[in-house]
Amino acid sequence: MISISLSEIQTNYKIIKAKNIQVELLSQPIKYYRHGWQSWSLAAWTDIKPLPIQKPAIFHPLQIDVEYAYETNPHGSWLGAVEFADGKILLLGALSLDTHVYQVQNQLEGRSEAEEAEWFIMLGDENQVFSEYTNQLKKRFGHVEKNHVPRVWCSWYSLYTMIDEEILFKTFDALGDLPFEVLQVDDGWQKNIGDWYTNGKFPSGMKALADKIKSTNRRAGLWLAPLIASESSKLFNEHKDWFLKDERGRFVSAGFNWGEYLFALDTTHPDVRGWLVALMKQVRAWGFDYFKLDFLYAGALKGKRYHDMPREVAYRECLKLMYEAMGENAFFLTCGTPILPAIGVCDAIRIGPDVSHEWENYRNEVLLYNPSTPGTKNAVRTVVNRLWLKDLVHIDPDVEYFVSKENTLEEEHKIQLQDLALICDFKATSDLPQWMTPDEREQVRKFLLAEPKVKQLSRYVYQLDERVVDFSSAVALPDEPKGLTKLWGNFLGWLGDFPSVLHVFKWLDDNRVKKIRKSL
Ligand code: 9PG
């Protein structure tokens, strides 16, 4: 363990090679910057204290880095920072993968799960410190040439899994001359998670779907979750030896979703690599060239791999492999992805949890105190705290909303989300053209074509042309539950670990969407 005193880094930055490192803090900090592992994990400046353990635990593998789920010290993946009373910040950030930063009493500690790591340390003004850190990251991880980010219509946040050929074809026609460049088909087209061929809802097949999109003069986009498989999938049942196991030979859990347990492919297995390449080539051959690959964290879970290597190194290798297999000019958006390993090996990274038609979901965000679950406030909070990534990669804040049908967001919150997308320079929506009033349709058009001049005024305040936008109302975490609310939250968290209870929640959600689908 190498120990550094703050007095040694009063000027400029330092880069030190060590497996583990400790930086002594000379005064008591007032805030800690936590940087969550993957797209949906929390990134925020918080008070110096432990946060409640995220609930329910069944979701740990798919919302945070499960290896650190019960860590009580303030901590985060690859980097951590503290803010002092004079407004200066001290950042300890790794320039290597498989690293974690903690604040333990009066020390910032960096630890590597792998071999020796490179550690960046800098004290100073927040923007300068993050900008120097990103410079150093760029040198090691590279960055994909900043090609144009297309304006995207995505099927998820209106139709969810209730997509089928008829409704998508109708929707694509109804989008008319709105200036979208990609129409992206999300979850719901596939036979099963792991079985990436069409289910009965697309009788004309996937090539016909891509052709339909291309006939509207747009690029065809497709969602897949190539690194996981559900327990009932053919892939899992026919190739059990392809899946990641722990030291004791048990399958590693990749979480629970779609009413089922999920498992993770061992991406170092030669047959899995071959299968992934063939899959990417297949979807490209259908005519799609914009790919949203999701639930990617599964490629970086801890386990015993065919080729032994650090888990995030294995994951980065796999992203490279898939990116190459997608072929020339494909646009690769990573989602549910560990952040640092994806830099330089994809076009864009989703940098926050899912938005939703609600600002804050009381059950998930207040009672369960879960900042990773879908909800617009959760999404804005984490995205605003990850804007520093913009110099390295295209950053996707998720979609924006314009319509009032089936949506409880206040106008103010819809605009906050739209402004955030303008700052990220990544524009998308799932709003159905069938639901847009003529006025809303004009709003969408204006938004898609807007290119405001963006200037940051303070940590959470930005100026867009002449307008000042303040995200402070979203970044604060809810008050921690106390008394009866805490008891009720704990009970709910315990209940949420039972798949049968999750089935009931899923049934309720599905019913809402089924009603929407019927009304169209
Ligand atoms: C499709 C969706 C959409 C969406 C993705 C991803 O349990 N969870 O915490 C959880 C978070 C996000 C999530 C699903 C589950 O959504 O982010 O855009 O593509 O998958 O299923």
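Here the Karplus curve 6.51 cos²θ - 1.76 cosθ + 1.60, taken at θ = phi - 60°, turns the phi angles of the stretch 244-252 into couplings of 5, 10, 8, 4, 8, x, 8, 4, 7 Hz, with x standing for Gly and Pro. Taking the C-alpha atoms only, the angle from helix 438-449 to the longest principal axis of the chain is near 50 degrees. Annotation: extensible slack from Asn106 through Phe169 equals 16.7 nm (criterion: 0.36 nm per residue apart, minus Cα-Cα distance).
For a modelled paramagnetic label at Ala285, 7 Å from Cα along Cα-to-Cβ, the residues of the stretch 314-329 in reach, with backbone nitrogen under 16 Å, are 325-328.
Apolar share of the accessible surface for the chain: 51 percent from carbon plus sulfur atoms, 1.4 Å probe. The label-point distance for Ser131 and Ile16, in a model that sets each label 7 Å from Cα toward Cβ, rounds to 2.6 nm. Looking at the chain, the accessible area is 40 square angstrom per residue; that uses a 1.4 Å probe and ignores ligands, DNA and RNA.
Given R0 = 22 Å, the distance between the Cβ atoms of Glu231 and Trp507 translates into a calculated FRET efficiency of 0.75.
Under the simplified labelling scheme, the Ala278-Leu178 pair shows an inter-label distance of 3.8 nm, with each label point 7 Å from Cα along Cα→Cβ.
Evaluated with a Cβ-only charge set (Lys, Arg +1; Asp, Glu -1), the stretch 2-141 carries a dipole of roughly 180 debye about its Cα centre, given to the nearest 20. Its DSSP H runs of at least 4 residues, each contributing -39,500 (n - 2.57), put the calculated 222 nm mean residue ellipticity of the chain at -9000 deg cm²/dmol, to the nearest 500. Maximal additional length on extending the Ser500-Lys138 stretch stands at 125.8 nm, based on 0.36 nm per residue less the C-alpha distance. Here the stretch 272-305 is scanned for amide nitrogen atoms under 13 Å from the site 7 Å beyond the Cα of Lys207 along Cα-to-Cβ, giving 282-288. Taking the stretch 121-143 and a reference point 7 angstrom along Cα→Cβ of Leu26, the backbone N atoms nearer than 19 Å belong to 121-126, 129. Among the GluC sites (Glu not before Pro) in the stretch 389-448, those located in a DSSP loop and surrounded by at most 12 other Cβ atoms within 10 Å of their own Cβ are Glu410. In this calculation the C-beta distance from Ser458 to Asn217 is compared with R0 = 45 Å, giving a FRET efficiency of 0.60.
Remark: the Cα gyration tensor places the stretch 2-141 in the prolate category, a/c being 1.5 or greater and a/b exceeding b/c.
Other residues lying with their Cβ under 11 Å from the Cβ of Arg350 contribute a combined charge of -2, Lys and Arg counting +1, Asp and Glu -1. Among beta bridges from DSSP that stay inside the chain, the antiparallel ones total about 70%.
State which entries of Lys49/Lys292; Lys170/Lys201; Lys170/Lys515 exceed 24 angstrom in Cα-Cα distance in the structure shown. Numbers along the way, then the final one.
Working: Lys49/Lys292 36 Å; Lys170/Lys201 14 Å; Lys170/Lys515 18 Å.
Over 24 Å Cα-Cα: Lys49/Lys292.
Checking every one of the chymotrypsin sites (Phe, Trp or Tyr not before Pro) in the stretch 35-144 against DSSP loop status and a limit of 15 other Cβ atoms within 10 Å picks out Tyr70.
How would you classify the stretch 467-520 from its alpha-carbon gyration tensor, with a ≥ b ≥ c the square roots of the eigenvalues: rounded for a/c under 1.5, else prolate if a/b is greater than b/c, otherwise oblate? Note, shape of the stretch 467-520 comes out oblate.
Note on the chain: with charges restricted to the Cβ of Lys and Arg (+1) and Asp and Glu (-1), its dipole about the Cα centre is near 660 debye. Label separation (Thr437 vs Glu113): 5.0 nm, computed from points 7 Å beyond Cα along the C-beta direction. Given R₀ = 25 Å, FRET efficiency for Lys88-Ser5 by Cβ-Cβ distance, to 0.05? Efficiency, rounded to the nearest 0.05: 0.95.
Between the Cα long axis of helix 126-141 and the first principal axis of the chain there is an angle of about 70°, rounded to the nearest 10.
Pairs over the 30 Å Cα-Cα cut-off, from the set Lys191/Lys240; Lys414/Lys514; Lys240/Lys377; Lys31/Lys55; Lys405/Lys506: Lys240/Lys377.
The values are calculated or read from the model by the stated rules, or taken from the named source; none is laboratory data. Only a predicted model underlies this, so the values are computations on that prediction, with no experimental measurement involved. In this analysis, Cβ positions are derived from the backbone assuming ideal geometry, glycine residues included, and neighbour counts consider all displayed protein chains. What goes into the accessible areas is simple: the full protein's heavy atoms, side chains included, and nothing from ligands, DNA or RNA. Shrake-Rupley method; radii C 1.70, N 1.55, O 1.52, S 1.80 Å.
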